[in-house]
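To start, the structure itself, in structure tokens.
Nothing in this text is a laboratory measurement; each read-out follows from the coordinates by a stated rule. All values derive from a computational prediction rather than experimental measurement. Backbone-built Cβ (ideal geometry, glycine too); neighbour counts: all protein chains shown.
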Amino acid sequence: MEELLEILEEINPDIDYETATALIDDKMLDSFSIVSLVTEISDAFDIEISPKYLIPENFNSVQAMMKMIETIQDEE
Amino acid sequence: MKNILEYLEKSAEKYPEKIAIADRDKSYTFTEFKNSASLMGNHPSLKNISNSPVGVFASHSAETIIMMFGVLYSGNFYIPLNPELPCDKLAQIINDSGMAVILGNNQEETARQSGFDGTYIDFTDIPQNNDYAIIPETLPTAPMFAIYTSGSTGKPKGVQKNHLSMISFIEAYTDEFGFDENIVIGNQTPFFFDASAKDIYLMLKTGARIEILPAEFFSFPIMLIKYLNERRVSFISWVPTALSIVTKLNTFSEVLPLYLEKVFFVGEAFPAKQLKKWMTALPDVRFVNLYGSSETAGICCFCEITEAPEEDEQLPIGKPLSNCKVFLMDDGKFVTDGVGEIHVSGDALADCYYNDEEKTLNSFFIGELPDGSKSRIFRTGDIAKYNENGDLIFVSRRDNQIKHMGYRIELGEIEHTAQSIDGVAKACCVYNKKRQKIILVCEPSAGSSITADDIRRTIKTKLADYMHPAKVLTMEALPLNANGKTDRPLIEKIVMKEKN
């Protein structure tokens, strides 16, 4: 969780990630941020995020992202 | 041809029931498009003025295009406004252009918050009668639109173009690539961005349909490609940043665009690695690299890419489109061997920088062409050379202008904005091209306790989002070179070393 928060802070430090639940729906993260985010998460957690995971629901909150990371880790 | 509206009249006559413009929620046939635009053009507040600038809030929706043409039917010219801009920035454009009327779709509040006290007309105020405007007697040389771009002094720079420039471009463009009414254009570039004019006027001239692609799909490209398939999009002309998102996220392993025939890219260099992925996934598609600048209508050079490039290969800009003369000059002499600045001549040239004679004289001049004839010439500021095939290759910029996510940005504008903040003595902005990050370094004024975070937050309220620095750093004193000027190369070296 800490590591993920660090990545997100680096992308946009002005968002309160601990409470945000609609990062995508409220357009807080744009397409360019998503690409950086996916690249950084893949590197930091040593996982491959296949395109089927790239849906808004998986990126709306930190919790959702963590859950997605764990699912991928379990699969691998 | 009298003016650009003749294309619309012709297409509406030829394809009355064919869809011209579609976004996610709505669509307009050529007849509906023409009727709505011409009714809008008869709005009393627009009929009261002529050959004057009219603002149009350029949301990513079908109505934006209709409003632009409403302005043209009234015999005026439009200035697209980015509705997401901070109010300060909008106010600068509104004041600089002196626009007395703004059109929008439920955006009056944004106009008023930006200090606009003229007439606001809403899309829903289109007169509901049969009082259609006829094509005005606008001359081909009359202004058609002006687009504001980043200006190095912090003052926005409006590039004004006339009807003839767009007619000249669109005729050459359709000819060169054989576009007809059967293509479906997938528009990505926002309508306040000059590159979008290529999509709009291609629809107008050929009778093809323009599909305005929802911006949010670019975050989740599987949805985007599925949408392209659903709408049967056959042609796209996107900025490389948008194309790269698709391949960086490995979208093609899940879904392929089924109807695409042509993929064009414009606005910045396309990283060869990503282009290769596109070309490998779509072997039957035509790929073309386009080159142009806001000071010419559309584009002025193109290069068809027939073989997937090597990973570190630089794509050529190519050869001139038939309506342009493009050549290199250095120190007043033509260059055929070696590097020189790209110069462009032809009908596609912009008229001027709006209300800025000094800048206009600096970039546009009358001079001799390589064939000895005299003509108006535009100096692009891009340095290039020829390769062994006679194709132009971009080398560098003459100034501190960069391309970031397809947008043209003057680093000077960001520096100027930073220096206008209380507590900032000096600022130097650099671009990390590899990581695509804008980095701003500031020297706080003596005695000021301003932090990098304070500066970053203030900048966000003053500049368009694509210009926000990814990182702001402070230095007690910016290093100076032997001439006592800020040592930009040294600062670049220092910040690039950090993990930026």
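Can you list the HN-Hα couplings for segment B:430-445, worked out from phi with the Karplus curve (6.51, -1.76, 1.60; θ = phi - 60°), rounded to whole Hz and with x for Gly and Pro?
10, 10, 8, 5, 5, 9, 6, 10, 8, 10, 10, 10, 10, 10, x, 5
So if I average 1/r over every pair of distinct C-alpha atoms in segment B:5-305 and take the inverse, what Kirkwood radius in Å does that give?
Numbers: mean 1/r = 0.0507 Å⁻¹.
In segment B:5-305 this quantity evaluates to 19.7 Å.
Once the other residues with Cβ under 10 Å from the Cβ of residue A:56 are scored (Lys, Arg +1; Asp, Glu -1), what is the net sum? Show your work: numbers first, answer last.
Working: positive: none; negative: A:25, A:57, B:216.
After counting each charged neighbour, the total is -3.
For the protein assembly as shown, what is the percent of antiparallel DSSP beta bridges, rounded to the nearest 5?
Details: 56 of 89 bridges.
About 65 percent, rounded to the nearest 5.
May I ask what percent, to the nearest 5, of DSSP beta bridges between residues of chain B are antiparallel?
Taking every DSSP beta bridge within chain B, about 65 percent pair in antiparallel fashion.
Sort B:453-459, B:66-72, B:288-294 for me by packing, meaning the mean count of neighbouring Cβ atoms within 10 Å per residue, highest on top. Each step should come with its number before you reach the end.
Values: B:453-459: 18.6, B:66-72: 26.1, B:288-294: 21.9.
The peptides rank, most packed first, as B:66-72, B:288-294, B:453-459.
Do any cysteines in chain B lack another Cys Cβ under 4.7 Å, and if so which?
Result for chain B is B:87, B:301, B:303, B:352, B:428, B:429, B:442, no neighbouring Cys Cβ within the cutoff.
Non-local amide H neighbours of residue A:61 (under 5 Å, H modeled in plane, Pro and chain starts lacking H): which ones?
Sorted by chain and number, the residues that satisfy this are A:23.
Reachable lysines from residue B:493, Cα under 24 Å, same-chain residues fewer than 8 places away excluded?
Cross-link targets: B:403, B:426, B:433, B:434, B:437, B:471, B:485.
How far apart, in nanometres, would the label points at residue B:419 and residue B:176 be if each is projected 7 angstrom from Cα along the Cα-to-Cβ direction?
My value for the distance between the label points is 3.8 nm.
Identify the residues of segment B:476-498 with backbone N under 14 Å of a label point that sits 7 angstrom from the Cα of residue B:448 along the Cα-to-Cβ direction, or state none.
Backbone N within reach: B:476-478.
Ordered by residue, what ³J(HN,Hα) values in Hz, to whole numbers, does segment B:378-387 give under the Karplus form 6.51 cos²θ - 1.76 cosθ + 1.60, where θ = phi - 60° and Gly and Pro are x?
Karplus-based 3J(HN,Hα) across segment B:378-387 equals 10, 8, 7, x, 8, 9, 8, 9, 9, 8 Hz.
Residue by residue through B:182-195, how many Cβ atoms from other chains fall within 10 Å of the Cβ on average? Show your work: numbers first, answer last.
Details: counts 0, 0, 0, 0, 0, 0, 0, 0, 0, 0, 0, 0, 0, 0.
For this peptide, the per-residue mean of nearby foreign Cβ atoms is 0.
Given H placed on each backbone N at 1.01 Å, which residues far from residue B:404 in sequence or on other chains put an amide H within less than 5 Å of it?
Amide H to amide H, under 5 Å and 5 or more residues apart or across chains, residue B:404 pairs with B:409.
Can you give me the long-range amide H partners of residue B:81? Hydrogens built in the peptide plane at 1.01 Å from N, cutoff under 5 Å, separation of 5 or more residues or another chain.
B:56, B:57, B:58
Please compute the contact order of segment A:2-75 in relative form: average sequence separation of alpha-carbon pairs under 8 Å and at least six residues apart, divided by the residue count, as a percent.
Values: 54 pairs, mean separation 27.2, N = 74.
Result for segment A:2-75 is 37 percent.
Which lysines have a Cα less than 19 Å from the Cα of residue B:10, not counting those fewer than 8 places away in the same chain?
Once the sequence-local lysines are set aside, what remains near residue B:10 is B:2, B:18, B:34, B:198, B:205.
With θ set to phi - 60°, apply the Karplus curve 6.51 cos²θ - 1.76 cosθ + 1.60 along segment B:103-113 and write out the HN-Hα couplings as whole Hz, x wherever there is a Gly or Pro.
Running phi through 6.51 cos²θ - 1.76 cosθ + 1.60 with θ = phi - 60° gives 9, x, 10, 6, 10, 4, 4, 4, 4, 5, 5 Hz.
Need one number: nm distance between label points at residue B:339 and residue B:393, each 7 Å from Cα along Cα→Cβ, rounded to one decimal.
My value for the distance between the label points is 1.2 nm.
Other chains near B:216-225: what is the mean number of their Cβ atoms within 10 Å of each residue's Cβ? Can you show the working numbers first?
Working: counts 6, 1, 5, 14, 9, 5, 5, 3, 1, 1.
For this peptide, the per-residue mean of nearby foreign Cβ atoms is 5.
Give the average, rounded to an integer, of partner chain Cβ atoms located within 10 angstrom of each Cβ in B:236-249.
Details: counts 0, 0, 0, 0, 0, 3, 2, 0, 2, 5, 2, 0, 5, 10.
What the average comes to for B:236-249 is 2.
Hey, fewest Cβ within 10 Å first, where do B:300, B:429, B:352 land in order? Intermediate results must be reported in sequence, preceding the final value.
Values: B:300 29, B:429 26, B:352 21.
Placing the least packed residue first, the sequence is B:352, B:429, B:300.
When the helices in chain A are scored as -39500 (n - 2.57) per DSSP H run of 4 or longer and the sum is shared across all residues, what 222 nm value do you end up with, to the nearest 500 deg cm²/dmol? Write out the running numbers ahead of the final one.
Working: 3 runs with 39 residues, N = 76.
One gets -16500 deg cm²/dmol as the mean residue ellipticity at 222 nm.
Just to verify a number: FRET efficiency for residue B:373 and residue B:6, C-beta to C-beta distance, R0 = 25 Å, to 0.05? Show your work: numbers first, answer last.
On the way: r = 29 Å, r/R0 = 1.16.
Using R0 = 25 Å, I get an efficiency of 0.30.
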